[in-house]
């Protein structure tokens, strides 16, 4: 028993230290946060970056895409409420992102083959 304790005492000590450490709150680097906030300010009406934009943000900030996704999820939960005057059109067969893209582009589309709806007007 004594020999085992002597042999593994350093390892056991390091394990104790690891378990006693509190989980550190993961703050992103200041420069990365500034770049994300800049994108946020430019897109405050619809703060949902496309996959291409997420890749570009990841490259610009040095973060991985999961960190980018989590930052936007948290930022929207904490700081964003959709504008009350933003018209939402929920139609069968349209993915919410498609409807949002049409809204942002002010595009017209056929909803039921007979009626043309215009978003954003």
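Taking into account only those residues within the range 47-63 that are in contact with a helix residue (DSSP H, G or I) (Cβ under 6 Å, 6 or more places away or on another chain) and part of a loop (DSSP other than H, G, I, E, B), which is modelled with the lowest pLDDT?
Step one: filter the range 47-63 for residues in contact with a helix residue (DSSP H, G or I) (Cβ under 6 Å, 6 or more places away or on another chain), giving 47, 54, 57-58, 60-61, 63.
With the extra rule that they be part of a loop (DSSP other than H, G, I, E, B), the set shrinks to 47, 63.
On the way: 47: 93, 63: 96.
Of everything passing the filter in the range 47-63, 47 is modelled with the lowest pLDDT.
Is it the case that some residue within the range 95-103 is more than 13 Å from the chain's Cα centre (by Cα), modelled with pLDDT of 80 or more, assigned to a loop (DSSP other than H, G, I, E, B) and loosely packed, with under 13 Cβ neighbours inside 10 Å? The answer is no, given that none of the residues of the range 95-103 is more than 13 Å from the chain's Cα centre (by Cα), modelled with pLDDT of 80 or more, assigned to a loop (DSSP other than H, G, I, E, B) and loosely packed, with under 13 Cβ neighbours inside 10 Å.
The values are calculated or read from the model by the stated rules, or taken from the named source; none is laboratory data. Not measured: the values here are computed from a predicted model. Cβ: placed from backbone, ideal geometry, glycine included. Neighbour counts: every protein chain shown.
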